[in-house]
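Participant: Questions regarding the structure given below will be posed in turn.
The values are calculated or read from the model by the stated rules, or taken from the named source; none is laboratory data. Note that the structure is a prediction, hence the values are computed from the model and not measured. Glycine also receives a Cβ, built like all others from the backbone with ideal geometry; neighbour counts cover every protein chain displayed.
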Amino acid sequence: MRVAVIVFPGSNADVDMFQAVEDVMNVQVDYIWHSANDLSGYDVILLPGGFSYGDYLRCGAVARFSPIMEQVTKAAEEGKLVMGICNGFQILTEAGLLPGALLRNRSLKFRCKLTALRVENNETAFTRDYQAGEVIQIPIAHGEGNYYCDEETLAKLKANNQIVFRYNGENPNGSLEDIAAICNEKGNVLGMMPHPERAVHEWMSSADGRRMFTSILRTWEERNSVKANA
Ligand SMILES: NC(=O)CC[C@H](N)C(=O)O
């Protein structure tokens with residue numbers, strides 16, 4: 001299994017993501033610069049947090065035109081697992097791979113703290129190692145994490161069980177219905193504002209993010225053994 005961590009000009013959580021993959025999944029992981037145009041050798045594509053292109057225009061609005069995004073779209077269409085964290089989530093919505101948008105935090109302040117999340121959907125490739133309804137601790141660090149979508153989109157998200165995590169208790173950014181993470185209809189693309197890669201060891205205040213990486217690994221192993229046995 002090979003994992004790609006996409007690096008945009010201004011990414012800053014790429015190293016954390018790389019390290020989390022190495023520590024928890026123990027698989028091959030490479031940094032891929034945003035101007036690359038081939039992801040065919042990768043099984044899992046991770047878009048890390050940061051301030052791509054200085055957050056100019058809107059967070060992610062410029063990065064979504066990076067050459068690599070055509071390959072990320074192709075990978076998503078092929079059913080590969082694609083996960084965007086924080087700025088990665090913003091880029092995925094800007095690219096149209098996930099519905100809705102991330103607006104300025106309602107407080108208009110950058111928020112950096114540990115948040116409580118409730119697991120709404122533990123049947124995704126990214127969350128299967130959690131219990132439904134479980135409350136976990138994952139840190140946030142963003143100024144534009146206020147998830148918004150129109151009513152029709154929200155109804156669809158609910159009908160398809162695409163809301164994956166909600167903030168539990170305090171909503172740190174004003175997001176619609178406390179949404180912290182969503183996936184696409186097929187369930188192979190996930191975006192979330194909190195940073196699971198910054199919660200993979202007890203010394204980080206929480207190790208609750210580990211199970212996102214173990215979930216991805218288990219999903220891939222199962223898919224692969226199905227292929228091998230076919
Ligand atoms: N940590 C991040 O990825 C930050 C995302 C974005 N730059 C924001 O402030 O909302």
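Participant: Does residue 84 count as within 17 Å of the chain's Cα centre (by Cα) and within 16 Å of the ligand (Cβ to nearest atom)?
Facilitator: Numbers: within 17 Å of the chain's Cα centre (by Cα): yes; within 16 Å of the ligand (Cβ to nearest atom): yes.
Judged against the criteria, residue 84 is a match.
Participant: Give me the residue from region 12-22 that is within 14 Å of the chain's Cα centre (by Cα) and within 13 Å of the ligand (Cβ to nearest atom) and, out of that set, surrounded by the fewest Cβ atoms within 10 Å (Cβ to Cβ).
Facilitator: So, considering only residues that are within 14 Å of the chain's Cα centre (by Cα) and within 13 Å of the ligand (Cβ to nearest atom), the one surrounded by the fewest Cβ atoms within 10 Å (Cβ to Cβ) is 16.
Participant: Look at residue 190 and say whether it is farther than 15 Å from residue 84 by Cα, in contact with a Cys (Cβ under 9 Å, 6 or more places away or on another chain) and surrounded by 19 or more Cβ atoms within 10 Å (Cβ to Cβ).
Facilitator: Values: farther than 15 Å from residue 84 by Cα: no; in contact with a Cys (Cβ under 9 Å, 6 or more places away or on another chain): yes; surrounded by 19 or more Cβ atoms within 10 Å (Cβ to Cβ): yes.
Answer is no for this residue.
Participant: May I pose another question? Just the residues that are outside any helix (DSSP H, G or I) and at pLDDT below 95, please, taken from region 202-230.
Facilitator: If the condition is that a residue be outside any helix (DSSP H, G or I) and at pLDDT below 95, then 205, 230 are the ones that fit.
Participant: Does region 102-134 hold any residues that are more than 16 Å from the ligand (Cβ to nearest atom) and out of contact with any strand residue (DSSP E or B) (no Cβ under 7 Å at 6 or more places or on another chain), and which are they?
Facilitator: 122, 123, 128, 129 - these are the residues of region 102-134 that are more than 16 Å from the ligand (Cβ to nearest atom) and out of contact with any strand residue (DSSP E or B) (no Cβ under 7 Å at 6 or more places or on another chain).
Results for (1) in contact (Cβ under 8 Å) with a residue 60 or more places away in the chain; (2) out of contact with any Leu (no Cβ under 9 Å at 6 or more places or on another chain); (3) not acidic (Asp, Glu), shown as yes or no for each residue.
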{"residue": "34", "(1), (2), (3)": "no, yes, yes"}
{"residue": "62", "(1), (2), (3)": "no, yes, yes"}
{"residue": "68", "(1), (2), (3)": "yes, no, yes"}
{"residue": "72", "(1), (2), (3)": "yes, no, yes"}
{"residue": "81", "(1), (2), (3)": "yes, no, yes"}
{"residue": "93", "(1), (2), (3)": "yes, no, yes"}
{"residue": "108", "(1), (2), (3)": "no, yes, yes"}
{"residue": "111", "(1), (2), (3)": "yes, yes, yes"}
{"residue": "135", "(1), (2), (3)": "no, no, yes"}
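Participant: Which condition breaks for residue 205 when tested against (1) touching a strand residue (DSSP E or B) at 6+ places or on another chain (Cβ under 8 Å); (2) within 19 Å of residue 123 (Cβ to Cβ); (3) surrounded by fewer than 19 Cβ atoms within 10 Å (Cβ to Cβ)?
Facilitator: Result: residue 205 passes all but (2).
Participant: Got a number for residues in region 135-153 being closer than 14 Å to residue 182 by Cα and touching a strand residue (DSSP E or B) at 6+ places or on another chain (Cβ under 9 Å)?
Facilitator: Number satisfying all stated conditions: 5.
Participant: Under 17 Å from residue 209 (Cβ atoms) and either of a type in the set (Ser, Thr, Tyr) or within 13 Å of the ligand (Cβ to nearest atom) (or both): is that true of residue 153 in this structure?
Facilitator: No.
Participant: While we're looking at this one, here's another question. Of the conditions (1) farther than 15 Å from residue 86 by Cα; (2) without any contact (Cβ under 8 Å) to a residue 12 or more places away in the chain, residue 27 satisfies every one except a single condition; which number is it?
Facilitator: For residue 27, the failing item is (2).
Participant: Those residues that are assigned to a loop (DSSP other than H, G, I, E, B) and touching a Phe, Trp or Tyr at 6+ places or on another chain (Cβ under 6 Å), I need them from region 175-190; list them, please. Step through it out loud before you land on a result.
Facilitator: We begin by selecting, within region 175-190, every residue assigned to a loop (DSSP other than H, G, I, E, B); these are 175, 184-188.
Across region 175-190, the qualifying residue is only 175.
Participant: For the structure I just gave you, tell me whether residue 139 is closer than 25 Å to residue 12 by Cβ, within 16 Å of the ligand (Cβ to nearest atom) and either without any contact (Cβ under 8 Å) to a residue 60 or more places away in the chain or touching a Pro at 6+ places or on another chain (Cβ under 8 Å) (or both).
Facilitator: yes
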